[in-house]
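Participant: Can you keep this structure in mind? I'll have questions shortly.
The values are calculated or read from the model by the stated rules, or taken from the named source; none is laboratory data. What you see is a predicted model; the values in this text were computed from it and never measured. Neighbour counts run over all protein chains shown; Cβ positions are idealised from the backbone, glycine included. Just so you know, the surface numbers come from the protein's heavy atoms only, side chains and all, with ligands and any DNA or RNA stripped out. Shrake-Rupley method; radii C 1.70, N 1.55, O 1.52, S 1.80 Å.
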Amino acid sequence: VQLQASGGGLVQAGGSLTLSCTASISTFRDIAMAWYRQPPGSERDAVATITAGGTVYYRDSVKGRFTISRDNNKNTVYLQMNNLNPGDTAVYYCNALTPGRQVPWGQGTLVTVSS
């Protein structure tokens, strides 16, 4: 398994979750990584990215609520999610940001936010 995401679950609106994703990518520390999400019936889109140098970017809808970080010693990327709302309900995945660096998508981790 090249991408193993975990930490999802059912949470009430306003709650928090922290997702983790361990990537079996030999060049992990040298590439930008991203968290993506796919809501039911919708396409998968990036919500947060982190460059090799640690610069972060966020989708407008999650700015101020989500925090992406990485631990290159563990080949792991994290997503701290606060003040969750039902619109955040989705399967969350991690992968490289650049399509040419991406590995096969894992199963992701399901986040369900109840109102």
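Participant: Among the residues that make up segment 42-50, is at least one of them more than 14 Å from the chain's Cα centre (by Cα) and of a type outside the set (D, E)?
Facilitator: Yes, segment 42-50 contains at least one residue that is more than 14 Å from the chain's Cα centre (by Cα) and of a type outside the set (D, E).
Participant: Looking at segment 52-64, can you tell me whether even one residue there is touching a strand residue (DSSP E or B) at 6+ places or on another chain (Cβ under 8 Å), of a type in the set (K, R), open to solvent by 60 Å² or more (accessible area, probe 1.4 Å) and more than 15 Å from T112 (Cβ to Cβ)?
Facilitator: Yes - at least one qualifying residue is present in segment 52-64.
Participant: Next question, about the same structure. Of G108, G100, G87, which residue is of a type in the set (G, A, S) and surrounded by 15 or more Cβ atoms within 10 Å (Cβ to Cβ)?
Facilitator: So the residue among G108, G100, G87 that is of a type in the set (G, A, S) and surrounded by 15 or more Cβ atoms within 10 Å (Cβ to Cβ) is G108.
Table: residues versus (1) in contact with a Ser or Thr (Cβ under 7 Å, 6 or more places away or on another chain); (2) among the β-branched types (V, I, T); (3) part of a strand (DSSP E or B).
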residue: L10; (1), (2), (3): yes, no, yes
residue: L19; (1), (2), (3): yes, no, yes
residue: S26; (1), (2), (3): no, no, no
residue: A46; (1), (2), (3): no, no, yes
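Participant: In segment 41-95, what residues are within 22 Å of W105 (Cα to Cα) and hydroxyl-bearing (S, T, Y)?
Facilitator: Within segment 41-95, S42, T49, T51, Y57, Y58, T67, S69, T76, Y78, T89, Y92, Y93 meet the criteria.
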